[in-house]
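This report concerns only the one structure given below.
The values are calculated or read from the model by the stated rules, or taken from the named source; none is laboratory data. Predicted model only: the values in this text are computed from it and were never measured. When we count neighbours, we look across all protein chains shown, and the Cβ atoms used for this are built from the backbone with ideal geometry, even at glycine. Ligands, DNA and RNA are stripped out before the accessible areas are found, and what is left, the full protein with its side chains, is counted by its heavy atoms. Shrake-Rupley method; radii C 1.70, N 1.55, O 1.52, S 1.80 Å.
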Amino acid sequence: MNVPQLRLESTNARIGIHTQSPVQEIQQAPADLQIKQPQAELEVNRTPSQLTIDQTEAWADMDLKHISRRIEEFAQRGYEDWLSGLARMSQEGDDLMRVENGGNPIAEHAKMNSESPMYEFNIGFIPRANSVKINYQPSKVQLNWQTNKPEINVTINRPQHQYTPGKVNVSMEEMPSLTINWAT
């Protein structure tokens, strides 16, 4: 017995895909930068140092004195000598007034006035130590400064961006088919 047969023949569909890749271009130019740094302002105020050396007493110790000082010393010495002479004459007058107390005041006065005074001498240094006066005032320095901030100018350059989108083309390259046959 012959049984009829059903024959099926099919072909699959075939899809074609064609793609075009996207293109992206980015160019970034660096920023334009300008920097200026003004100089700092500096002001220096200085008072000069001062050194004072006074040798007046050292010169006086070596008997090298100014004429005005010599005149003053001679006047002072004359006044002191006058006062001591006045005191001596007053004492001698008192001694002569009291002759009744005994003694020989005239002879004693003559002896005392005829003798030279005894001078004492010790080691001395000419000029004396610390006779030169030294005074020093150091200088004073005052600094005033002002800093200036930098001047910064920045110009930003925007990026250059180009974009071409990609494309996808889908097509049916082969259509599906189904063939049905009867075979006996």
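Would you pick out the residues in the range 148-184 that are among the polar types (S, T, N, Q) and within 30 Å of E9 (Cα to Cα)? Before the answer, list the steps.
Of all residues in the range 148-184, those among the polar types (S, T, N, Q) come to 148, 153, 155, 157, 160, 162, 164, 169, 171, 177, 179, 181, 184.
Passing the criteria: N169, S171, S177, T179, N181, T184.
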Count of residues meeting criterion [under 60 Å from the mean Cα position of the chain (by Cα), modelled with pLDDT of 85 or more and surrounded by 10 or more Cβ atoms within 10 Å (Cβ to Cβ)] in the range 84-137: 5
Identity of the residue in the range 43-83, open to solvent by less than 60 Å² (accessible area, probe 1.4 Å) and among the acidic types (D, E), that ends up farthest from K140 (Cα to Cα): E73
Any residue in the range 73-98 that is farther than 22 Å from D61 by Cα sitting within a Cβ distance under 9 Å of a residue that is outside any helix (DSSP H, G or I) and modelled with pLDDT of 95 or more? List the pairs, counting only those 6 or more apart or interchain. none
Is there any pair with a first residue in the range 155-167 that is over 19 Å from T19 (Cα atoms) and at pLDDT 90 or above and a second that is in a strand (DSSP E or B) and open to solvent by 100 Å² or more (accessible area, probe 1.4 Å) whose Cβ atoms are under 6 Å apart and which are 6 or more apart or on different chains, and what are they? P159/I26; Q160/Q27; H161/I26
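Residues A60, A40, A13: which one is over 30 Å from Q160 (Cα atoms), touching a Phe, Trp or Tyr at 6+ places or on another chain (Cβ under 8 Å) and modelled with pLDDT under 95? Full working, then the answer.
Details: A60 fails: touching a Phe, Trp or Tyr at 6+ places or on another chain (Cβ under 8 Å); A13 fails: touching a Phe, Trp or Tyr at 6+ places or on another chain (Cβ under 8 Å).
Exactly one residue qualifies, and that residue is A40.
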Read through the list (1) out of contact with any Ser or Thr (no Cβ under 6 Å at 6 or more places or on another chain); (2) closer than 30 Å to P150 by Cβ, then give the number of the only condition that A40 fails. (1)
